[in-house]
1. Return the residues of the stretch 96-114 that are crowded, with 21+ Cβ neighbours inside 10 Å and without any contact (Cβ under 8 Å) to a residue 24 or more places away in the chain; say none if nothing qualifies.
2. Is there a residue being surrounded by fewer than 16 Cβ atoms within 10 Å (Cβ to Cβ) and either over 32 Å from the mean Cα position of the chain (by Cα) or closer than 17 Å to VAL371 by Cα (or both) anywhere in the stretch 343-352?
3. Examine the stretch 185-207 for a residue that is within 30 Å of ASN353 (Cβ to Cβ), acidic (Asp, Glu), buried (at least 17 other Cβ atoms within 10 Å of the Cβ) and touching a residue at least 24 places away in the same chain (Cβ under 8 Å), and state whether such a residue exists.
4. When you look at SER117, is it under 26 Å from the mean Cα position of the chain (by Cα), assigned to a helix (DSSP H, G or I) and of a type outside the set (Asp, Glu), yes or no?
5. Out of all the residues in the stretch 175-226, which are modelled with pLDDT of 90 or more, in a loop (DSSP other than H, G, I, E, B) and out of contact with any strand residue (DSSP E or B) (no Cβ under 7 Å at 6 or more places or on another chain)?
6. Is it the case that the stretch 252-275 has a residue that's closer than 30 Å to LEU306 by Cα and either at pLDDT below 75 or touching a strand residue (DSSP E or B) at 6+ places or on another chain (Cβ under 6 Å) (or both)?
7. Hey, any hits in the stretch 165-174 for a residue that's part of a helix (DSSP H, G or I) and not acidic (Asp, Glu)?
8. In the stretch 126-147, what residues are over 12 Å from HIS169 (Cα atoms) and outside any helix (DSSP H, G or I)?
Amino acid sequence: MLMDSVLRTPSHKPAFRVAAIYTIIGALWVLLSDRLLVAMVSDVHTIVALESYKGWIFVMLTGLLIYYLVDTQSTINAKYQEQLRERDDELRLTFQNAPTAIITFDLCGRFLSLNQSACDLFGYSEDELRGTSYKEITYEEDMKEGDQLLAQCARGDLKTYTFENRYIHKDGHIIHGRVHNGTVYGTDGRPSILVAQVEDLTKRRKAEQEAREHRERLAHVDRVSLLGEMAAGIAHEINQPLTAISNYSDAARRRVLSNNADPEKLLSSLEKVSEQAHRAGEVIRRLRALVKKGTSQRECADINDLVRDTVNLAAVDARIHDVSIDVDIRAAAPTVFVDNIQIQQVILNLLRNAIDATEDEPNPNRTVRAVIEIVDEELVEVSVEDSGVGITEDSAEKLFSPFFTTKKAGMGMGLSISHSIINAHGGHLWFSRNPERGTTFHFTLPLEEGTPHD
């Protein structure tokens, strides 16, 4: 048990005190006994007789004194030991009944003791785990970090540390835990044992995973809804290359049927067919990427490329509403670690809102502007600016709330989902009112290391 592992330093003070008293009394007896005897007794024969008993008298007196001292110290020691036993019992009860899992290890990582909470957490009894290595119940991919930290503690380089680890329950399911480890030092000043507290994070991690899946499902619904709103523009964008393909194909067919087809003109028609097919395919590729349903996957990406690709898709809808989109890139290849589809969804939401806000303006003002710039050494900022009527005070308070919308049609989930996506990526989404008219939406994302800042 943990309490049995605590080393107590024996006290030598009582023995030293008895020896010191015995020495002082002996010295005083030697120095003063003869003088006192002569001063108190005048008869020489009596003095000689008493001299023969002086040693016995000293032994008797010092014996009585030593008995008293030892008996007194024994009583004190007995009370001290009783207090220690009571303290040990209290600590054992605290250890066993603690709601947090508490474990002790030796410096090789073998279990010495576990309280009941630890046994309940892992599904094993204390006897089943005592003497076995922590690796027996540790998730394989997490062993390396545990070995490194244990080695540092054994060398005395690390006194306390905290890390997250995964364990395997007796029934096979994964346990997520936050481990707080501390080193206990022996009387020689060297590491003796390790004491660990394991905080069970399994339910929290499960809830976080469910929240992520729920957010991804909502984001997918929002993307499908968003593309549904853009259906007319998308149909027009795909119809144009399809019409061109049909025209170029008819021209090539007529040349072949005429029996005097010019190979160069025929090749030109076929190249234009291929070019328009690629154009239609590129639109469909972007649509499929946004509509695709799957788990979130993050990777390093150039935010400039994500904005350009999204602007190309939004331009389909912008042309239908006679709105132009300008892109102002002020940062060279800012790299971010993101889910590309989700970030494009945010950009598309902001561009679509800006297009809707701008479409009723006089023709010269129908412009949406996207700006990308690095705001400090750690963040890149993307801004989408419109020249619409702006946002009222009442709308501003509810702007990022679910199901709130100022549009005639729509679910009112776009900004709310965009806000949660940016937050999940460690960024921030907000809006500001433009000096003259319109609104600018901004969001930031953390930069990856090595991104140029000029």
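1. Hits for the stretch 96-114 are PHE111, LEU114.
2. Here is the first cut: in the stretch 343-352, the ones surrounded by fewer than 16 Cβ atoms within 10 Å (Cβ to Cβ) are none.
No, the conditions are met nowhere in the stretch 343-352.
3. Applying the first criterion (within 30 Å of ASN353 (Cβ to Cβ)) to the stretch 185-207 yields none.
Scanning the stretch 185-207 turns up no residue that is within 30 Å of ASN353 (Cβ to Cβ), acidic (Asp, Glu), buried (at least 17 other Cβ atoms within 10 Å of the Cβ) and touching a residue at least 24 places away in the same chain (Cβ under 8 Å).
4. Numbers: under 26 Å from the mean Cα position of the chain (by Cα): yes; assigned to a helix (DSSP H, G or I): yes; of a type outside the set (Asp, Glu): yes.
Yes; evaluated as a whole, the condition is true for this residue.
5. Of everything in the stretch 175-226, nothing turns out to be modelled with pLDDT of 90 or more, in a loop (DSSP other than H, G, I, E, B) and out of contact with any strand residue (DSSP E or B) (no Cβ under 7 Å at 6 or more places or on another chain).
6. Kept after step one, since they are closer than 30 Å to LEU306 by Cα, are these residues of the stretch 252-275: 271-275.
Then drop every residue that is not either at pLDDT below 75 or touching a strand residue (DSSP E or B) at 6+ places or on another chain (Cβ under 6 Å) (or both), which leaves none.
Taking every residue of the stretch 252-275 in turn, none turns out to be closer than 30 Å to LEU306 by Cα and either at pLDDT below 75 or touching a strand residue (DSSP E or B) at 6+ places or on another chain (Cβ under 6 Å) (or both).
7. As a first pass, look at the stretch 165-174 and keep what is part of a helix (DSSP H, G or I): none.
No, the stretch 165-174 contains no residue that is part of a helix (DSSP H, G or I) and not acidic (Asp, Glu).
8. Once the filter is applied, which keeps residues that are over 12 Å from HIS169 (Cα atoms) and outside any helix (DSSP H, G or I), the stretch 126-147 yields ARG130, GLY131, THR132, SER133.
The values are calculated or read from the model by the stated rules, or taken from the named source; none is laboratory data. Just so we're clear, the structure is a prediction, and the values are computed from it rather than from any experiment. Please note: Cβ atoms are built from the backbone with ideal geometry, for glycine as well, and neighbour counts cover all protein chains shown.
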